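Okay, structure first, notes after.
The values are calculated or read from the model by the stated rules, or taken from the named source; none is laboratory data. Given the structure is predicted, the values throughout are model-derived calculations rather than measurements. Quick reminder, even Gly has a Cβ in these numbers, built from the backbone with ideal geometry, and neighbours come from all protein chains shown.
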Amino acid sequence: MAPIINDHNPKAVDESTLTGTGRGGMLSDGFLRDEPIEAHLETDERAVFALSNAKSGVVRERVGGGDQRRFRPGDGYRAFAVLTDSRLHFLVGDTRNGGDGDFAVAVELADVEVVDHDDGLLSNELAVTTAADARWRFPCRTDLSDAVTYLDAASMAWMEVERQLDAARDAVVAASEAREDRAYDEAIERVREAMAATDAAREVDRELAADGVAAVRARIERMEGRIADVRDRILESRATNRMDVAETRWRDGAYAAAHDAFTAAHDDYVDLLSAVDGDFEESRRIRERLARVERSLTALERAPVERADDFRERAQEADDLAERGDLFERALDS
């Protein structure tokens, strides 16, 4: 399936439309007055379609009627509906409604709920309803079928991205709560769910554009940062808990259980070290913890033999034969 945004779209927005300003004349189209269209876009935001009209401007109204307002361009200027990879911009040059200067508003594609259009004899109209129950109507003479198809598909993709990021956010919260309850295995499972959600969001990003969309990527990377942070805190908390368990088992003489707990803590610290490898101070701190675990393991592996030697020495010094036999048996067990 081809990406929703096609770099070879024959109707791609030309540079002059994005950079032009000023009033048009008899043989030239006008633009915005104060700043060009590109000034209203983020650095990595990509314009996909640019629709325009010279007199009708754009209408904003509430769903269900009422609170209607039309923003018309000033003499010689134009109104634009710019569809990008992340937003829908309505820009009106030198509008006289409410004062001099350009009118500009941007609608996030994730907030676009309904996309429609009417084909008229002399003019067509793009109609967009947002999550805030605002309806925007933009007349123009251009065939709107491609723009409407794009806007509908792109807004659905953006909504899916936001849905996946919401799922990741919920999983991160659940992971943090499980960590506080010392339910570390459950916490790690929630982290895996969060990572699966961001992976799904990246799949949608590739469906939007072959090289991805900068705004989507930024959202995903922020969430991935949160996931990494909570994962690291879970690993460290679990490692600390496993160290405590190991030392308790050691004191109780349960050497095998102690060894298993130390080894599990070692694995957690190794995973944590690989996650923080780029942070020198944090990496050094984790290496110190790891070295402590390794020293404990080395000492633990000697402990049964040392304990056996202690029982053997006590057995050799015992006068009572029954006691001597019991101590030798305990030495053999160790």
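Tabulated data for the structure shown
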quantity: Residue that is surrounded by the most Cβ atoms within 10 Å (Cβ to Cβ) [pool: residues in region 130-162 that are outside any helix (DSSP H, G or I) and among the charged types (D, E, K, R)]; calculated: Arg137
quantity: Helices (runs of 4 or more DSSP H) (entirely within region 180-281) containing at least 3 residues that are surrounded by 21 or more Cβ atoms within 10 Å (Cβ to Cβ) and either on the phi > 0 side of the Ramachandran plot or at pLDDT 95 or above (or both); calculated: 184-208, 214-251
quantity: Leading residue by the ranking (nearest to the chain's Cα centre (by Cα)) among those in region 72-85 that are surrounded by 14 or more Cβ atoms within 10 Å (Cβ to Cβ) and either farther than 15 Å from Leu126 by Cα or polar (S, T, N, Q) (or both); calculated: Asp85
quantity: Qualifying residue in region 95-110 (condition: crowded, with 19+ Cβ neighbours inside 10 Å, assigned to a loop (DSSP other than H, G, I, E, B) and touching a residue at least 60 places away in the same chain (Cβ under 8 Å)); calculated: yes
quantity: Number of positions in region 282-334 that are at pLDDT below 80 and either loosely packed, with under 12 Cβ neighbours inside 10 Å or farther than 30 Å from Glu236 by Cα (or both); calculated: 31
quantity: Set Ser176, Ser145, Ser155: member being without any contact (Cβ under 8 Å) to a residue 40 or more places away in the chain and of a type in the set (Ser, Thr, Tyr); calculated: Ser145
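Condition check ((1) out of contact with any Ser or Thr (no Cβ under 7 Å at 6 or more places or on another chain); (2) touching a residue at least 40 places away in the same chain (Cβ under 8 Å); (3) more than 27 Å from Tyr150 (Cβ to Cβ)) across all residues:
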| position | (1), (2), (3) |
| --- | --- |
| Asp199 | yes, no, no |
| Glu203 | yes, no, no |
| Val213 | no, yes, no |
| Arg219 | yes, yes, no |
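This table checks each residue for (1) polar (S, T, N, Q); (2) buried (at least 17 other Cβ atoms within 10 Å of the Cβ); (3) modelled with pLDDT under 90; (4) closer than 21 Å to Tyr150 by Cβ.
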{"residue": "His8", "(1), (2), (3), (4)": "no, no, yes, yes"}
{"residue": "Ala12", "(1), (2), (3), (4)": "no, no, yes, yes"}
{"residue": "Gly22", "(1), (2), (3), (4)": "no, no, yes, no"}
{"residue": "Ser28", "(1), (2), (3), (4)": "yes, no, yes, no"}
{"residue": "His40", "(1), (2), (3), (4)": "no, yes, no, yes"}
{"residue": "Val48", "(1), (2), (3), (4)": "no, yes, no, yes"}
{"residue": "Leu51", "(1), (2), (3), (4)": "no, yes, no, yes"}
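So that you can scan it fast, the table gives a plain yes or no per residue for (1) in a strand (DSSP E or B); (2) of a type outside the set (A, V, I, L, M, F, W, C):
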| residue | (1), (2) |
| --- | --- |
| Asp75 | no, yes |
| Phe80 | yes, no |
| Leu83 | yes, no |
| Glu113 | yes, yes |
| Asp116 | yes, yes |
| Val128 | yes, no |
